[in-house]
1. Determine which single condition Thr210 fails, assuming it passes every other condition in (1) farther than 18 Å from Thr169 by Cβ; (2) assigned to a loop (DSSP other than H, G, I, E, B); (3) in contact with a Leu (Cβ under 9 Å, 6 or more places away or on another chain); (4) not aliphatic (A, V, I, L, M).
2. Please state which one of Ala148, Ala157 is surrounded by 19 or more Cβ atoms within 10 Å (Cβ to Cβ), touching a helix residue (DSSP H, G or I) at 6+ places or on another chain (Cβ under 6 Å) and within 25 Å of Ala7 (Cβ to Cβ).
3. What's the number of the condition Leu252 fails, among (1) assigned to a helix (DSSP H, G or I); (2) farther than 23 Å from Arg26 by Cα; (3) without any contact (Cβ under 8 Å) to a residue 40 or more places away in the chain?
4. Name the one entry in Ala148, Ala130, Ala117, Ala97 that is farther than 17 Å from Asn184 by Cα and out of contact with any Pro (no Cβ under 7 Å at 6 or more places or on another chain).
5. I need a count of the residues in the range 118-129 that are in contact with a Phe, Trp or Tyr (Cβ under 9 Å, 6 or more places away or on another chain) and either surrounded by 19 or more Cβ atoms within 10 Å (Cβ to Cβ) or not in a helix (DSSP H, G or I) (or both).
6. Quick one: which residue in Ala84, Ala29, Ala79, Ala40 is in contact (Cβ under 8 Å) with a residue 60 or more places away in the chain and either under 18 Å from Glu222 (Cα atoms) or surrounded by fewer than 20 Cβ atoms within 10 Å (Cβ to Cβ) (or both)?
Amino acid sequence: MLENKVALITGGSRGIGRAIAERFARDGAIVGIVWSRNEAAARDTVERIVRDGGRAFALHTDLGTPGDAGHLWAAFDEAAGDLAPGGGLDILVHNAAKGSFTRLEGLAEDEFDRVFATSVKAPFFVTKLALPRLRDGGRIINISSIAATVASPELIAYAAAKGALDAFTHTLAQQLGPRRITVNAVSPGVTLTDNNAHLLTNEPAAAQATARVALGRLGEPEDIADIVAFLASDQGRWITGQVIDASGGTQL
């Protein structure tokens, strides 16, 4: 389905990002994995993909810092080598984000700035520099969150950032339509990744979160990866400018 397509996934070493990387590789894509903090996890993800017969490479960029977009694409060209001749790209997935669990009354400006630098500014300018290398008919997929539409006061900065990413999705889809490049966002609910590891041991908290989900369980990274893979494939060619709820029907 994605045979020989070149894909890049920010935050691709763990959780949802890793699941997307592994699914893309199984579908035949050449996968670039951007990591910021955990080199071991990125290397492990690449090794798992290669061991299963796929093609992947890892590159480091500290997203959310000045000049991050330029650094990312320079690192991409160095790391990809012959896997991405000429630096061309078919699929760009913005998965990296910065969380925040502070209500407005306790929110400091520097925390707000870090959230927006990683979750909004980086996707904007990484995409800006990607446009000359993104092939016509390509895909941009942003990983959003239902926090943008389901009120949670302790996530106010994170929710605002994801709302901005949704707006970016709509507008960029209009701009890139003439090039047949689709732009969509996927909006997970509570998903069992490292960030929600406490739910594996805290039964009351897990039960409370599950009770909000129409399908009766919490999400797995593979649930999100399958939706992203559909949007990246030719079957998703007629969907653009959409924010797709991937929460199992949370708080319907």
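The values are calculated or read from the model by the stated rules, or taken from the named source; none is laboratory data. Because the structure is predicted, anything quoted here is derived from the model rather than measured. Please note: Cβ atoms are built from the backbone with ideal geometry, for glycine as well, and neighbour counts cover all protein chains shown.
1. (2)
2. Numbers: Ala157 fails: within 25 Å of Ala7 (Cβ to Cβ).
Being surrounded by 19 or more Cβ atoms within 10 Å (Cβ to Cβ), touching a helix residue (DSSP H, G or I) at 6+ places or on another chain (Cβ under 6 Å) and within 25 Å of Ala7 (Cβ to Cβ) holds for just one of Ala148, Ala157, which is Ala148.
3. Failing condition for Leu252: (1).
4. Going through Ala148, Ala130, Ala117, Ala97 in turn, the sole match is Ala117.
5. Initial filter on the range 118-129 (in contact with a Phe, Trp or Tyr (Cβ under 9 Å, 6 or more places away or on another chain)): 119-120, 123-124, 126-127, 129.
Imposing the further condition that a residue be either surrounded by 19 or more Cβ atoms within 10 Å (Cβ to Cβ) or not in a helix (DSSP H, G or I) (or both) reduces the set to 119-120, 123, 126-127.
Residues flagged as in contact with a Phe, Trp or Tyr (Cβ under 9 Å, 6 or more places away or on another chain) and either surrounded by 19 or more Cβ atoms within 10 Å (Cβ to Cβ) or not in a helix (DSSP H, G or I) (or both) within the range 118-129 amount to 5.
6. Details: Ala84 fails: either under 18 Å from Glu222 (Cα atoms) or surrounded by fewer than 20 Cβ atoms within 10 Å (Cβ to Cβ) (or both); Ala79 fails: in contact (Cβ under 8 Å) with a residue 60 or more places away in the chain; Ala40 fails: in contact (Cβ under 8 Å) with a residue 60 or more places away in the chain.
Just one listed residue meets the conditions, Ala29.
Residue-wise test of (1) at pLDDT 90 or above; (2) of a type in the set (Lys, Arg).
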| site | (1), (2) |
| --- | --- |
| Asn202 | no, no |
| Ala205 | no, no |
| Gln208 | no, no |
| Arg212 | yes, yes |
| Leu215 | yes, no |
| Glu222 | yes, no |
| Leu231 | yes, no |
| Ile244 | yes, no |
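Conditions (1) of a type in the set (A, V, I, L, M); (2) over 15 Å from Gly11 (Cα atoms), marked per residue:
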position	(1), (2)
Ala79	yes, yes
Leu83	yes, yes
Asp90	no, yes
Val93	yes, no
Ser100	no, yes
Glu105	no, yes
Val115	yes, no
Pro123	no, no
Leu134	yes, yes
